[in-house]
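Quick notes on the structure that follows.
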Amino acid sequence: MALQQLHIGFDDTDSPRKGCTTYVAALLVEKLHKLGAQFTDYPNLIRLNPNVPWKTRGNGALCLRIKCDENVVGKVKEVVIDAVEENADLEYKGTDPGIVFFARVKIPKEVKTFAKNAITGVVEMKTALKILKRFKAEALGFKSGRGIIGGLAAVGETLQGDHTFEIITYRAPENYGLKRKIEEASVVEMDKTTAPHTFNNVDPETGRILITPRGPDPILFGIRGESPEVVKKAFEMVKPLEPVERWVIFRTNHGTDAHLKRVKQLSQIKPYYPVVAKGTVAANPKIIPRRHIIFSIEDESGCVDCAAYAPTGNLRKVASKLVAGDYVEVYGGIRPPSRNRPLTINLEKLRLLKLAPQMVYHNPTCPQCGKRLKSMGRSKGYRCEKCGQRFPNLSKVVVKIKRKLKRGLYITSPRSQRHLTKPLVRYGMEKRQSFSVNELMDGWHFP
Ligand code: ATP
């Protein structure tokens, strides 16, 4: 029998009220195995640009890479289309599923570039359709078919550079929407045993368990880590207190900063394109309602606002202590300008590169008795309340105060990190080697 390689990308099946595209992938893992397909990679869960306006939650797209008998290719496609159709929330207005079948061994450069652009920016349907036509790939869209963009991007991101793994477990359907039941102490223990090779299990500032999502979707919990072995081991340590219907290990771009692209000048910043940019703090930060911090940075090309929102925890605290003149590198997604706010970088990270001297201005002290003088009004000099003397010619004294900040990298707390944000524990763990298809471990999914 002749084996054919097939990359199956799909996206946009869920809505805020129902479903999860990773669950469709998990169902397909079982169904495709039954058809005799061999997986040439773990299912890929690719997070695309977290700032696009069309996303439901985490802008995740999926790709299954298989080899199967030429004679079952038709059946495979049918099974995939049925699974998407049956599990997508098609009645929901913003759900527009798309499926891409790419029947080549190697992924062409244009498709890889398309994927990079979908992760770091905004891409257009017409570009996706042109690429599909050029490589004679098949695509199927439901409703507007917008999910074809994500499907093709998932095919194109082959995760040859840095990548991580996530084991995702799914609930029995009768429990959807109910509070998730899992023994919290077992998660804390698992974290202690497997970190830093697993990450973002527990929020260090609040102690909150982060592996369980909070919506009505079918996920019970997901554990992220550096290898399939470590996420499997971590999964075996966690005690669910409700049935687990199935689980799968995904290979992902979680925690890799793949979305952030450096701009040379602040004037190059565009709405929806996540950036890394450098600039000088233009004025001391302001606190706006709900305790968010706003400050602006500038360079020779322009000026842009940066926001550290309250849930960013430590990052917000650091941002509040910046002063005009500090030199910083900021990382984050771009919020377009709105009626009451200019274009703003929503901070994910901040690197404090140079601290400006911080000055405070005090009234002078009395040359006779040493007591701090009282001002007599603008440009009118000072008066001593103790000895009654007046000093019309004295002026304020400048005092340099010690800064409470240290240079270095500050990252939003794990509870508010984006899927793509590289957490501090991953620095130095980045994978540079390409992934080999012979490496799939035994028992990477159930059933
Ligand atoms: P979840 O993470 O819960 O699975 P989601 O947040 O992935 O959901 P989707 O329902 O997949 O959201 O919707 C995202 C839509 O935006 C998809 O149709 C996808 O094709 C499209 N899209 C994703 N990234 C881009 C991009 N960079 N440019 C243009 N369109 C995009």
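Return the residues of the stretch 115-130 that are touching a Leu at 6+ places or on another chain (Cβ under 7 Å) and either surrounded by fewer than 22 Cβ atoms within 10 Å (Cβ to Cβ) or small (Gly, Ala, Ser) (or both); say none if nothing qualifies. Steps first, answer last, please.
Taking the stretch 115-130 as the starting set, the residues that turn out to be touching a Leu at 6+ places or on another chain (Cβ under 7 Å) are 118-119, 128.
Of everything in the stretch 115-130, those that are touching a Leu at 6+ places or on another chain (Cβ under 7 Å) and either surrounded by fewer than 22 Cβ atoms within 10 Å (Cβ to Cβ) or small (Gly, Ala, Ser) (or both) turn out to be Ala118, Ala128.
For the stretch 332-346, filtering for residues that are open to solvent by 10 Å² or more (accessible area, probe 1.4 Å) and touching a Pro at 6+ places or on another chain (Cβ under 8 Å) leaves 4.
(1) away from the ligand (no atom under 13 Å from the Cβ); (2) over 24 Å from the mean Cα position of the chain (by Cα): which one isn't true of Val111, the others all being true? Evaluating Val111 over (1) away from the ligand (no atom under 13 Å from the Cβ); (2) over 24 Å from the mean Cα position of the chain (by Cα) leaves (2) as the failure.
Go through the stretch 55-88 and report how many residues are closer than 24 Å to Arg214 by Cα and either more than 12 Å from the ligand (Cβ to nearest atom) or crowded, with 18+ Cβ neighbours inside 10 Å (or both).
Taking the stretch 55-88 and keeping what is closer than 24 Å to Arg214 by Cα, we get 55-62, 84, 86-88.
With the extra rule that they be either more than 12 Å from the ligand (Cβ to nearest atom) or crowded, with 18+ Cβ neighbours inside 10 Å (or both), the set shrinks to 56, 59-62, 84, 86-88.
The qualifying residues number 9.
Restricting attention to the stretch 210-229, the residues that are open to solvent by 20 Å² or more (accessible area, probe 1.4 Å) and free of Cβ contacts under 8 Å to residues at least 40 places away in the same chain total 3. Just one of (1) closer than 30 Å to Glu174 by Cα; (2) in contact with a strand residue (DSSP E or B) (Cβ under 6 Å, 6 or more places away or on another chain); (3) surrounded by fewer than 24 Cβ atoms within 10 Å (Cβ to Cβ) fails for Gln5. It is (1).
Can you confirm whether Thr252 is without any contact (Cβ under 8 Å) to a residue 60 or more places away in the chain, in contact with a strand residue (DSSP E or B) (Cβ under 9 Å, 6 or more places away or on another chain) and of a type in the set (Ser, Thr, Tyr)? So Thr252 does not fit the description; no.
When you look at Asn44, is it in contact (Cβ under 8 Å) with a residue 24 or more places away in the chain, within 16 Å of the ligand (Cβ to nearest atom) and open to solvent by less than 20 Å² (accessible area, probe 1.4 Å), yes or no?
Taking the combined requirement at face value, the residue satisfies it.
Against the definition (over 17 Å from the mean Cα position of the chain (by Cα) and on the phi > 0 side of the Ramachandran plot), how does Gly313 come out, yes or no? Reasoning before the result, please.
Working: over 17 Å from the mean Cα position of the chain (by Cα): no; on the phi > 0 side of the Ramachandran plot: yes.
Spelling it out, it is not the case that Gly313 is over 17 Å from the mean Cα position of the chain (by Cα) and on the phi > 0 side of the Ramachandran plot.
Residue pairs whose Cβ atoms lie under 6 Å apart, separated by 6 or more positions or on different chains, with the first residue in the stretch 308-323 and among the small types (Gly, Ala, Ser) and the second part of a loop (DSSP other than H, G, I, E, B) and at pLDDT below 95, are Gly313/Glu205; Gly313/Ser413.
The values are calculated or read from the model by the stated rules, or taken from the named source; none is laboratory data. These numbers were taken from a predicted model, which means no experiment stands behind them. Please note: Cβ atoms are built from the backbone with ideal geometry, for glycine as well, and neighbour counts cover all protein chains shown. When the accessible area is computed, the model is the full protein with side chains, heavy atoms only, and any ligands, DNA or RNA have been set aside. Shrake-Rupley method; radii C 1.70, N 1.55, O 1.52, S 1.80 Å.
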